[in-house]
Amino acid sequence: MNGIFNDLLTEYPLESNDRQLATNIIYGVLRNRDSLDFMLQHLCRQPLNKLKPFIHQTLRTGLFQILYLDRIPESAAVNESVKAVQTARLPKKLQGFVNGVLRNSIRKRDELLALLKNTDQLILNHPLWLYRRWEQRFGKNEAIRICEQNSKQANFSLQVNSCATDRDSLLETLIKEGICAHKGKYCDDTLILEDFHGSINKIPGFREGFFQIQDQGAQLLTHLITPVIQGGEYLDACAGVGGKTSILTQLAEAAGARVSAVEPEKTRRKKFVENMGRLHPKLTIPLFGGSLQDFSASTSKLFHGILLDAPCSGTGVTRRHPDIRWNRQSEDIHRYQKIQLELLQTAAALLHPKGVLVYATCSLEKEENEQVIEKFLSNNPDFVQEPCIPFLPSKAHPLITNGFFSPHPESEIDGFFSARLIRIPSPS
């Protein structure tokens, strides 16, 4: 969804505040799609699947603004929705239809919210196939809880850059600027912003590289690569825009270790360079612009630690990326497993004897997590799994199951999976 939205912004630029509002509306509709449709069906005589797709989406967007966004006047939400239908050059009767439905929703606001709250119908705001998977694995109550958590807007989670400042200093600065924040529940380098709706680059300390936006789960799994060896070589094998690379760099600083990164996608590489320039301006972090397989073929270097945050279905982060839940299909999960095993095998060949290989996903699915580790270990007897508990703070221990770091989505953490693997040196 970000790619489509960014393409539209290139053609139709928005000011920072308008862009933030547009993002909140889009994500809000995606997080609450089933709830919105439930209420719309009480306002429309015909079945929703008989509506033109453009009209259906316009009604969802208008109703979301009316019922969920306090800062937008109800009349403005109606007028802008009608204007959208006009701009699309649809018949006047459809303009009148949208106007009538949304104005009726204003009159029936309390009734609609009461219906939503008191219905016996299971409203998941997730596709049924995904809920069924979670119900079968985690039980009905936990599956419903995950769906409910994913329908809430996520707070900003700031990972403090220890190379530039410390958490207490940044917290003091935020409070002085009137920004409500508190220390993270699981990580010592985290600040959670409470009900913040502004632009990230307007947060004090952003331009100075004092922090980056990073969920506590992503922070914790990166720490599974510790302890960092003095003068060691470390690799972020799927670097993306550099969030975990920055944490690796912070961990490596005290030990004088070196960090390298691999990222095949051009747009992400560009963002990686921007982020490293902001967070670690005095360092040059080698970035290989290609696949991990190409990198492996081009180097003879072995690494003491490798972080492999593998491509995955992303079902653990649909609170922050709500389009994922509607775009994924069940067969995607098995397709990702094949990619993950290939990457894990490639990363293994780059690891130093006694080295640490951290495998991670932002998925809740066993096919991408436990099954990948089982298959990898069965094919690689020179590797063993180590429990995660010794390498994470005690307050994160409840997030560990069967030795794996595997939190489910909560108010302060997204869904992740991570395993710590050790390469056993061959007998001499």
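Taken together, the values in this text are just the output of simple stated rules run on the coordinates, not laboratory data. Because the structure is a prediction, the values reported are computed rather than measured. Every residue, glycine among them, receives a Cβ derived from its backbone with ideal geometry; neighbour counts consider all protein chains shown.
What the table below lists for this structure:
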quantity	calculated
Potential extension, residue 79-residue 378 segment - 0.36 nm per residue separation minus Cα distance	101.5 nm
Spatial extent of the chain: Rg and Dmax, with the Cα atoms as the point set, Å	23.5, 82
Helix 370-379 vs. the chain, principal-axis angle (Cα, 0 to 90°, nearest 10)	30 degrees
Antiparallel bridges, percent of DSSP beta bridges restricted to region 115-268 (to nearest 5)	70 percent
Two-site label geometry, residue 371 and residue 411: point separation in nm, points 7 Å out along Cα→Cβ	3.5 nm
Given charges at beta-carbon only (K, R positive; D, E negative), |dipole| of the chain in Debye	1320 debye
Nearest-ten-degree value, helix 74-87 long axis tilted from longest Cα axis of the chain	90 degrees
Length added when fully stretched, residue 284-residue 121, from 0.36 nm per residue minus Cα-Cα	53.1 nm
Tilt relative to the chain, helix 140-150 - C-alpha long axis, 0 to 90 degrees, to 10	80 degrees
FRET efficiency, 1/(1 + (r/R0)^6) with R0 41 Å, evaluated for residue 141 and residue 20 via beta carbons	0.75
Cα gyration tensor category, rounded, prolate or oblate, for region 156-213 with a/c compared to 1.5	rounded
Label zone at residue 71, where the point sits 7 Å out along the Cα-to-Cβ direction: region 179-198 residues whose backbone N lies under 16 Å	179-180, 193-198
Pairwise label distance in nanometres, residue 293 with residue 41, each label 7 Å out on the Cα-Cβ vector	4.6 nm
Percent antiparallel among DSSP beta bridges (both partners in the chain, rounded to 5)	60 percent
Distance in nm between pseudo-label sites at residue 185 and residue 268 (7 Å out along the Cβ direction from Cα)	2.8 nm
Calculated FRET efficiency for the pair residue 107/residue 302, C-beta based, R₀ 56 Å, to 0.05	0.20
Within straight-line cross-link reach of residue 338, lysines at Cα separation under 30 Å, skipping those fewer than 8 residues along the same chain	140, 244, 266, 270, 271, 301, 354, 366, 375
10 Å-binned pair-distance histogram of region 216-423 (Cα, whole percent)	9, 36, 40, 15, 1
